[in-house]
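This report concerns only the one structure given below.
The values are calculated or read from the model by the stated rules, or taken from the named source; none is laboratory data. Just so it is clear, the structure is predicted and the values come from calculations on it, not from any experiment. Using ideal geometry, Cβ is built from the backbone for each residue, glycine included, and neighbour counts are taken over all protein chains shown. Only protein heavy atoms, including side chains, enter the accessible area calculation; ligands, DNA and RNA are left aside. Shrake-Rupley method; radii C 1.70, N 1.55, O 1.52, S 1.80 Å.
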Amino acid sequence: GSETLEDINIVIKPKSTIGIIGESGSGKSTLMSLLSATLKPDNGVLKIGEYAYDDYNILDIRSKIGYVTQENIIFNDTVFNNISLWGENISNSKVEESAKSALAYDFIMDQPKKFEQQLGDNGVNLSGGQRQRITIARELYKNSELLVFDEATSALDSESEKYIQKSIHQLKGKKTILIISHRLFTLKECDIIYMLKKGRVVASGDFNELLATSNEFKEMCKTQNLK
């Protein structure tokens, strides 16, 4: 069988913001599954610092990774419990801080019962963008060190996307952030963007470098009306 990913050599520095783009079938989701330790590579090694993934407890690795996707799970409970997930020794101020960093605080304070507002089944009372910001707040509350935005904005309108973008901007340099997206607007914050094609990295650099060096990237930008 052919390899889904080949010759991939990606270094993610702590607290950097990395983008990964590529059409479907380019290997983005396989790469994510490897990073989050849900898949093991057939060849090659995944390392954190000097140590291979195998030297760690897999659950420890997973507990440090926060996921924000299109399909965010919201529980039929209060905003507060959705962020703190009924943990032990919950700090109210930390729940508030997490909501602020995720740019969720203002719309929570607009709710009649604020943090005690019931969110209804799967967050039926919230917009898609608000559900996402609650999810980001939750991942921040649990101290995720690596935040993964996996096609997180693809189902959002541009107004909501701007909020997620701002939230990423606020977290930049405080967390390691990995953004997988085919919407390029979300990638402007990245220190490095890796472009995948058929399982290989075909180009890398920051937004402007890619614009200058990759015709494919330039075409994608044109299609999406980005300069």
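I want to make sure I understand the PRE zone here: with the label point 7 angstrom from the Cα of residue 206 toward its beta carbon, which residues in the range 167-196 have backbone N atoms less than 13 Å away?
Output list for this probe position: 173, 188-193.
Relative contact order of the chain: what whole-number percent is it, with Cα pairs under 8 angstrom and at least 6 residues apart? If you can, show how the numbers build up before the last one.
Working: 363 pairs, mean separation 72.2, N = 227.
In percent, rounded to a whole number, it is 32.
Against the globular-protein guess of 2.2 N^0.38 Å, express the Cα radius of gyration of the chain as a ratio, rounded to two decimals.
1.05
Given a 1.4 angstrom probe, what's the average accessible area per residue across the chain, in square angstrom?
On a per-residue basis, 54 Å².
In degrees from 0 to 90, rounded to the nearest 10, what is the angle of the helix 92-101 Cα long axis to the longest principal axis of the chain?
With rounding to tens, the tilt is 40 degrees.
Could you list the residues of the range 164-201 with an amide nitrogen less than 12 Å from a label point located 7 Å from the Cα of residue 38 in the Cα-to-C-beta direction?
none
For residue 110, tell me the accessible area in Å² from a 1.4 Å probe, rounded to the nearest 10.
Counting only protein heavy atoms, residue 110 exposes about 130 Å² to solvent.
Expressed in nm to one decimal, what extension gain is obtained for the pair residue 56 and residue 116 from 0.36 nm per residue of sequence separation less their Cα-Cα distance?
17.8 nm
With 32 Å as the limit, write out which pairs from 40/222; 94/218; 174/218 have Cα-Cα distances beyond it, or answer none.
40/222; 94/218
Whole-Hz ³J(HN,Hα) for each residue in the range 65-80, computed from phi via Karplus 6.51 cos²θ - 1.76 cosθ + 1.60 with θ = phi - 60°, x for glycine and proline: what do you get?
9, x, 10, 10, 10, 6, 9, 8, 8, 10, 8, 6, 7, 6, 4, 4
Quick one: if you stick a label point 7 Å off each Cα along the C-beta vector at residue 155 and residue 213, how many nm between them?
Reported label-point gap for residue 155 and residue 213 is 3.5 nm.
For the chain, give the percent of accessible area contributed by carbon and sulfur heavy atoms, probe 1.4 Å, rounded to a whole number. Let's see the in-between values first.
Working: 5860 of 12310 Å².
Its accessible area is 48 percent carbon and sulfur atoms.
Taking the 0 to 90 degree range and rounding to the nearest ten, how far is the long axis of helix 128-141 tilted relative to the main principal axis of the chain, both from C-alpha atoms?
Result, in degrees: 90.
What does the helix-only formula give at 222 nm for the chain: each DSSP H stretch with n ≥ 4 adding -39500 (n - 2.57), the total divided by the residues, and the result rounded to the nearest 500 deg cm²/dmol?
Working: 9 runs with 79 residues, N = 227.
Theoretical 222 nm ellipticity from helices: -9500 deg cm²/dmol.
Can you work out the base-10 log of I(q)/I(0) for the range 58-147 at q = 0.22 1/Å, using the Debye formula on its C-alpha atoms alone?
Here log10 of I(q) over I(0) equals -1.08.
Once label points are set 7 Å from the Cα along Cα→Cβ at both residue 106 and residue 91, what is their separation, rounded to one decimal in nm?
That separation, rounded to one decimal, is 2.6 nm.
Quick one: Cα centre-to-centre distance for the range 72-103 and the range 136-208, in angstrom?
For the range 72-103 versus the range 136-208, the Cα centre distance is 22 Å.
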